[in-house]
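Comments concern the structure below.
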Amino acid sequence: MATHAAYMAGTKLSAGSVLWSWITTVDHKRIGQLYGVSAFFFFLVGGIEALIMRLQLAQPDGTLVGAQRFNELFTMHGTTMVFLAIMPLGAAFFNYMIPLLIGARDVAFPRLNALSYWVFFSGALLLHLSFLAGAVPDAGWFGYANLTSVQFSPTHSIDFWMLGLQVLGISSLMAGFNFIVTIINMRAPGMTLMRMPLFVWMSLVVQFLVVLAFPAITVALILLMFDRFFGTLFYAPAGGADPLLWQHLFWIFGHPEVYILILPAMGIVSEVLPTFSRKPLFGAPVVIYSGIMIGFFGFGVWSHHMFSVGMGPVADSAFSIATMLIAVPTGVKILNWIATLWGGRVQFSSALYFSLGFIAMFTLGGLSGVMHSSPPVDLQQTDSYFVVAHFHYVLFGGSIFGLFSGVYYWWPKMFGKLLDERLGKVHFWLMMIGFNVTFFPMHFLGLIGMPRRIYTYAPDLGWNFWNMVSTMGAFVIMLSFLVFIWNVIATTRSGAPAPADPWDGRTLEWTIPSPPPVYNFATEPVVHARDDFWVQKHGDGHGTPPRKGAPAAHVDTASIHMPPPSYWPILLAGALFVMFSGALVSIYQVVGGGLLTLYCMIRFMLEYHHGHDVGHDVGHDVGPDVGPAAGGHR
Amino acid sequence: MRKSLLSRIPTALLLLTVALLLSSCGSSMWDSPMTTVRPKSEFGRITHEIFMLISWWTLGIGIAVEAGLLWVCFRYREKPGAPIPKQVHGHTLLEVSWTIVFALILLIFAIPTIPAIFKTQEAPAATALRVDVSGRQWWWEFKYPDLKVVTANELHLPAGQTVAFNLHAPDVIHSFWTPQLGGKRDVVPGRVNRVTLMPDETGEYPGQCAEYCGTSHANMRFRVIVHTKADFEKWVAAQQRPPVQPTDPLAQKGQDLFSQSACVGCHTIAGISGGVLGPNLTHFGSRKTMGANLLANTPENLAKWIENPGHMKPGVLMPDLGMRGEQSKALAAYLLSLK
Amino acid sequence: MAAEHAAVAHDPNIGCTGLDHRKMGMWAFLGSECMFFGSLIGTYLAYKGKSINGPGPHEILNIPLTSLSAFVLLMSSLLMVLALAAVQRNDMKWGKIWLFMTALFGAGFVGFQVYEFTHFVKLGLTLQTNLFGSTFFVLTGFHGAHVTGGVIWLLSLWVLALRGRLGAQDSLKVEICGLYWHFVDIVWIAIFTLIYLIP
């Protein structure tokens, strides 16, 4: 079967056919790797942007880069880190791990999955073409109106930003639909919702947030697009409009977005801690409910980003109270994680180090967040380096550390090689030190009045010392990242091969080989409890003894039907790219791109539509075989 | 057993962190000109009280949580040969209790917060001094409508009197922030925001725009000078006088140059020109700084500015009018004579 | 029980809840569409009455005519129900007719909108005229674009049916199209009420 030929060891393949296999893949594991590689690439890009900014700010009245360039740098740094680094790194894990964690062979819509990736790729490309065009976005990652109007931003810079984000939004939405259906509808028999691994739960909440929050920014951007291209008045004060409309729409998206950024890391930490403590997550149901509550209430706090705009005391108070309330489920989780370690037998792997780092740093970020929840106090901190410190503690100290924990944890499963544990720990300590040296002083800088988004500052304000310290820390972070890259290169070349279950894990992904075969599970697992694999191996410690695994039924794995590759995802993504980028070129390209998109959509939808003589409907998309009858009998 | 270097790092870091934090305690850093923790107004003091309350609690919680984390790591680190630990799934009473404790701590923050929100946003008394602030790319206009005074970038106020600010935004969103006075408030096009402040100590306090507003956002600074009541009245009287007629020949040359060139299209000097696109220059010579608290107000800086404003302030809307050499020196002399 | 389970699991599109993936996916999509139209409607309501010049809604909206077009759209939902029922009982003769009629009525609705838009422009209301112009055209325009998308979808199904490539085994695809179509109809009820009927 051609599908499997590419994966059979020993088959000699040309570079061309290898490239083609990646371009047309619909395998969730490969798509996860595509997202992962892209995320790391853009993390580097965003990191370099940060280093340049830190070099400029190391001294007062700096002259390394001018005002315009600096404004472009902080805009692209924020946009890149949020949309092109953290989100896709989360997506890499959703893609690779969710089917494995729920005992499925792929996601619900494999081609839609591939489409999400290629549309993401197009969006990232469109955004970065701005560099080639010499019109780099420069209005900040949240692009407040009416600075983004044609009057005050006359070049194409904002257009690149606006169109790029629209495309990225489409990618995220499609992935959201896919994973909601996958998680709800493709769990192995016996895996009730409450028996689902925590990472899957947090991911489910994230997908609901994506599906419900992205439309708000889509509308915000559409209104901006109409203002810029067609002269509408949505954000035009001269026409009676209120520029705050942008802020409301943006933050109705923006606040759930920060939960989208943190929940995957929380999910990872909720997997890593039990594994390396050798006991279950303390209060798993409570952690699950907290995640759901955070997702739900996260839609009710958006204006805490707007305490200085003059909404009035009633609105200020309402959002303040809502924000304090949401701190409760968030804070409670930290205690659940610490209680998981308590009484355990803690093994200090690199993965665990990063999870511990997550807890330590996210605690600090959460506490500075609590300070922001009080509007009078926030008025001294918002738009200063204090809030810059806060969000880096939660996004870097939180999300990035948590995601790296996942990298070290699941690397052996994904690549069949163990990462070097010593290098992992060097990476951790360098990153921990570098991160804190870079960002802790920013609390001080904020408290002594340094505003954010300034390309330089006067020498007599007392800001010089901590700016210099912060810049030095940034280079330590870079060093830590180089250690990680070295670890990857060295172990890929000559690392120890990884067994199926290197950590004595608790969940289903450790029951299959490392890396998994294309069909993941030879026979569909049947689940009896949360952490079913652990219970199978060790019993549940409350009377249920270990289960002897059933002797492997002979399964003719070569005949497991997996969805074949398809080139329609990349073609459709390409058509979308032509249409959206056409807005910067000519109406003909937009119309042409639109027709091409329509054509590709129809071909995509009908790719597996049967002829009239096939009795069995293989459906709109060719999902993988699931079910005990599936293996070997189709 | 020799401990590896790697395993000594946690202890070293802990000590370093403690040292760093302690060092910040007595530091004079907190007295910086734009500090937020040495309030000099009523608004600032109300804010500061709540800030200190939250700070102490969060410091305590932070230390407790981090210490707890470190303790469980040390206490329960794996010892070789140890059995699988007890598979504890949770403890409902404990979880409910700590949830309630969290909620109560937040209540402690909420209780002073809500009244402070309402108090600081109360309508000002009728006896308040009214100041109309206009934030524009990239400078600040200050008008005292009841005193008939218009100036820019340096805000003079009397100590001990409530000031009612009306905030206007003719172009994009900016934010009016004097850290030592507190009460940051955005200026938003299409609406008039209000903030009421009562500075209670004389002194000079730098302020800065705190909402990204374009190329020279970093250069949109200002200065607040709080006088005694008597000094403030002297300042007002000086501002209300008509502009000084220049006696120095260079300054006279500058005045002629000014009234004959495009300067008049953007700037107002009472009796000479009425432009409103740029700062009012009637008493420009009385200001200590120029370019929106960017540079000291000296003949050299002023001449350089006139010759090439965009060099000192990227993106600035003031064009280069081609003044060079003698011309820019003359204009500088004239403007600095307008005390 | 086990045989049933096996039979259901045999169809790769039915999941562990017993629901078809594609139907669930459409519901997730419709959830996002609720937020999409909700944001657009919210924008319209935020700016209602805030235009600084005319023409305003009371001067320009033709309620009788738009009521007729709303009726046409509502009827198309009924036709959609008939189309689905026909396909489900493999009566492709009537399946084709009702699918085409649904698309026709939808196209009719869009036709009404095109007329309304061009008429308003003649009367002096464009995207740039005032806040009412901006919000009205964008909100109803995006709704019209969604209807147009639905019409194309329906016609595609109709063409498949003409070529004998649509039958009872494809009823889920028609059902999903129906879900989308009814949703677009419901959104119009909300928009029509808020823009045209409430003063």
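The values are calculated or read from the model by the stated rules, or taken from the named source; none is laboratory data. Computed from a predicted model, the values in this text were never measured in an experiment. Glycine also receives a Cβ, built like all others from the backbone with ideal geometry; neighbour counts cover every protein chain displayed. The area values use the complete protein model at the heavy-atom level, side chains included, leaving out ligands, DNA and RNA. Shrake-Rupley method; radii C 1.70, N 1.55, O 1.52, S 1.80 Å.
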Here the residues within segment A:50-77 that are under 20 Å from A:Ile158 (Cβ atoms) and open to solvent by less than 10 Å² (accessible area, probe 1.4 Å) are A:Ala67, A:Phe70, A:Asn71, A:Thr75, A:Met76
With touching a His at 6+ places or on another chain (Cβ under 6 Å) and within 12 Å of another protein chain (Cβ to nearest Cβ) as the only criterion, which of A:Asn146, A:Asn185 stands out? A:Asn185
Being touching a residue at least 60 places away in the same chain (Cβ under 8 Å) and over 18 Å from C:Ala190 (Cβ atoms) is the filter here, so list the residues in segment C:30-58 that pass it. C:Lys50, C:Ser51, C:Ile52, C:Asn53, C:Gly54, C:Pro55, C:Gly56, C:His58
Of all residues in segment B:165-188 being open to solvent by 10 Å² or more (accessible area, probe 1.4 Å) and more than 10 Å from chain A (Cβ to nearest Cβ), the one that is nearest to A:Leu244 (Cα to Cα): B:His168
Strands (runs of 3 or more DSSP E) wholly in segment B:72-157 with at least 1 residues that are modelled with pLDDT under 95 and facing chain A (nearest Cβ under 7 Å) - which ones? none
Among the residues of segment A:95-114, are any at pLDDT 95 or above, within 18 Å of A:Leu44 (Cβ to Cβ) and within 14 Å of another protein chain (Cβ to nearest Cβ)? no
Condition check: in a helix (DSSP H, G or I), touching a Leu at 6+ places or on another chain (Cβ under 7 Å), more than 7 Å from chain A (Cβ to nearest Cβ) and of a type outside the set (A, V, I, L, M, F, W, C). Does B:Gly44 satisfy that? yes
If the Cβ limit is 7 Å and pairs must be 6+ apart or interchain, which residue in segment C:153-165 that is under 10 Å from A:Leu606 (Cβ atoms) pairs with which residue that is assigned to a helix (DSSP H, G or I) and hydrophobic (A, V, I, L, M, F, W, C)? C:Ser156/A:Ile602
For A:Ile268, state whether it is surrounded by 23 or more Cβ atoms within 10 Å (Cβ to Cβ), away from chain B (no Cβ under 14 Å) and without any contact (Cβ under 8 Å) to a residue 60 or more places away in the chain. no
Of (1) in contact with a Leu (Cβ under 9 Å, 6 or more places away or on another chain); (2) within 24 Å of A:His248 (Cα to Cα); (3) within 11 Å of chain B (Cβ to nearest Cβ); (4) open to solvent by 40 Å² or more (accessible area, probe 1.4 Å), A:Ala318 satisfies every one except (1)
Test set (1) in contact (Cβ under 8 Å) with a residue 12 or more places away in the chain; (2) not in a helix (DSSP H, G or I) - A:Thr232 fails condition number: (1)
Could you check, for segment A:128-136, whether at least one of its residues is open to solvent by 10 Å² or more (accessible area, probe 1.4 Å) and either in contact with a strand residue (DSSP E or B) (Cβ under 7 Å, 6 or more places away or on another chain) or closer than 29 Å to C:Gly38 by Cα (or both)? no
Among B:Gly325, B:Gly271, B:Gly291, which is the only one that is without any contact (Cβ under 8 Å) to a residue 60 or more places away in the chain and either within 16 Å of B:Ala152 (Cβ to Cβ) or open to solvent by less than 60 Å² (accessible area, probe 1.4 Å) (or both)? B:Gly325
Mind listing whichever residues of segment B:63-100 are loosely packed, with under 13 Cβ neighbours inside 10 Å and of a type in the set (A, V, I, L, M, F, W, C)? B:Ile63, B:Ala64, B:Ala67, B:Phe74, B:Ala82, B:Leu93, B:Val96, B:Ile100
Could you list, in sequence order, all residues of segment A:573-604 that are farther than 21 Å from A:Gly169 by Cβ and in a helix (DSSP H, G or I)? A:Ile587, A:Tyr588, A:Val591, A:Gly592, A:Leu595, A:Tyr599, A:Ile602, A:Arg603
B:Gly60 being more than 9 Å from every other protein chain (Cβ to nearest Cβ), of a type outside the set (Asp, Glu) and open to solvent by less than 50 Å² (accessible area, probe 1.4 Å): yes
Within segment B:7-38, work out how many residues are in contact (Cβ under 8 Å) with a residue 40 or more places away in the chain, open to solvent by 40 Å² or more (accessible area, probe 1.4 Å) and within 10 Å of chain A (Cβ to nearest Cβ). 2
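Every residue, every condition in (1) within 14 Å of chain A (Cβ to nearest Cβ); (2) over 25 Å from C:Gly124 (Cβ atoms); (3) surrounded by fewer than 19 Cβ atoms within 10 Å (Cβ to Cβ), yes or no:
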position	(1), (2), (3)
C:Pro12	yes, yes, no
C:Gly15	yes, yes, no
C:Met24	yes, yes, no
C:Ile52	yes, no, yes
C:Pro55	no, no, yes
C:Ser67	no, no, yes
C:Val72	no, yes, yes
C:Leu79	no, yes, no
C:Met101	no, yes, no
Looking only at segment A:178-196, count how many residues are of a type in the set (Gly, Ala, Ser) and either part of a helix (DSSP H, G or I) or open to solvent by 20 Å² or more (accessible area, probe 1.4 Å) (or both). 1
Answer yes or no: is there a residue in segment A:324-336 that is without any contact (Cβ under 8 Å) to a residue 24 or more places away in the chain and facing chain B (nearest Cβ under 9 Å). yes
So for segment B:194-215 (the condition being open to solvent by less than 10 Å² (accessible area, probe 1.4 Å), free of Cβ contacts under 8 Å to residues at least 12 places away in the same chain and within 17 Å of A:Leu147 (Cα to Cα)), does at least one residue qualify? no
Total residues in segment C:122-142, condition away from chain A (no Cβ under 12 Å) and surrounded by fewer than 22 Cβ atoms within 10 Å (Cβ to Cβ): 4
Can you name the number of the only condition in (1) facing chain B (nearest Cβ under 10 Å); (2) surrounded by 24 or more Cβ atoms within 10 Å (Cβ to Cβ); (3) closer than 30 Å to A:Ile485 by Cα that A:Pro375 fails? (3)
If you check B:Phe222, B:Phe232, which single one turns out to be hydrophobic (A, V, I, L, M, F, W, C) and either within 9 Å of chain A (Cβ to nearest Cβ) or crowded, with 23+ Cβ neighbours inside 10 Å (or both)? B:Phe222
Given the structure, is A:Lys425 at pLDDT 95 or above and more than 20 Å from the chain's Cα centre (by Cα)? yes
